[in-house]
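Q: Handing you a structure now.
The values are calculated or read from the model by the stated rules, or taken from the named source; none is laboratory data. Quick caveat: nothing in here was measured; it's all calculated off a predicted structure. Counting neighbours? That spans all protein chains shown, and the Cβs are built from the backbone with ideal geometry, glycine included.
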């Protein structure tokens, strides 16, 4: 079982995403042996109301075998609860993703804690650490990643919730893993023997698979699972993700 915890569909103004549609994404992932993928709408990140992007793409994601809708939420908006409920009830979402940098979220805001409590009761809370390497940002749109310390503090305020963090680099991932209930995905962790290098610094139970397709090439992430010196059992556990996530 391979669960990809970081895939996207839709449009991104600074990069031509291919594949862009749920059906094309599913075909690519299936060809790489990925059984299930959490899938968010890139459009939702930049719309004033993320629900516009969710509504544009998640219905098709929900109809596509192998894809799991991910709701992009901004808990500072008054409609976030209604958005989450529609994503869950209409499209079967079980993952809600925060994008702190683009939504200018203060993760110490009590509204973030309220969202974590509500989402965590029935699903998984994910934090997108970055969407592009800062060196590739448009010169008029520089968006730094959120403070690692703020994500760690959020996780420690909710010890009963397992947090997923996407697209962190190794130094950031190591610091994030100081909170035992944070799990980081591997799409932005690059070494000759990636899983061996990562699990030497982070407990394997806090590492999961993510490809960041289509921002990154899917096959590069799959090679991290198939080529390396880590024992097969640990690799399989990383590919499958924490217990319960396969149903999320």
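Q: In the range 202-227, how many residues are surrounded by fewer than 19 Cβ atoms within 10 Å (Cβ to Cβ) and either without any contact (Cβ under 8 Å) to a residue 40 or more places away in the chain or touching a strand residue (DSSP E or B) at 6+ places or on another chain (Cβ under 9 Å) (or both)?
A: 9
Q: Going residue by residue through the range 81-92, is there one that turns out to be within 19 Å of residue 212 (Cβ to Cβ) and in contact with a strand residue (DSSP E or B) (Cβ under 7 Å, 6 or more places away or on another chain)?
A: Within the range 81-92, not a single residue is within 19 Å of residue 212 (Cβ to Cβ) and in contact with a strand residue (DSSP E or B) (Cβ under 7 Å, 6 or more places away or on another chain).
Q: Determine whether residue 61 is touching a helix residue (DSSP H, G or I) at 6+ places or on another chain (Cβ under 8 Å), in a helix (DSSP H, G or I), at pLDDT 95 or above and over 19 Å from residue 217 (Cβ atoms).
A: Yes; evaluated as a whole, the condition is true for this residue.
Q: For the range 185-201, what are the residues that are farther than 22 Å from residue 215 by Cβ and in contact with a strand residue (DSSP E or B) (Cβ under 8 Å, 6 or more places away or on another chain)?
A: Selection gives 199 alone.
Q: Then there is this: Being over 16 Å from the mean Cα position of the chain (by Cα) and in a loop (DSSP other than H, G, I, E, B) is the filter here, so list the residues in the range 208-228 that pass it.
A: 227, 228
Q: Turning to a different aspect of this structure: Restricting to the range 237-248, name every residue that is in a helix (DSSP H, G or I) and modelled with pLDDT under 95.
A: Matches in the range 237-248: 245, 246, 247.
Q: Still on this model: Among (1) more than 13 Å from residue 4 (Cα to Cα); (2) assigned to a helix (DSSP H, G or I); (3) under 19 Å from the mean Cα position of the chain (by Cα); (4) in contact (Cβ under 8 Å) with a residue 24 or more places away in the chain, there is one condition residue 234 misses while meeting the rest; what is its number?
A: (3)
Q: For the condition at positive phi and modelled with pLDDT of 95 or more, what is the one hit in 211, 167?
A: 167
Q: Is there any pair linking a residue in the range 15-41 that is free of Cβ contacts under 8 Å to residues at least 24 places away in the same chain and on the phi < 0 side of the Ramachandran plot to one that is assigned to a strand (DSSP E or B) and crowded, with 16+ Cβ neighbours inside 10 Å, with Cβ under 9 Å and at least six apart or on different chains, and which?
A: That search, which allows pairs on different chains as well, returns 24/9.
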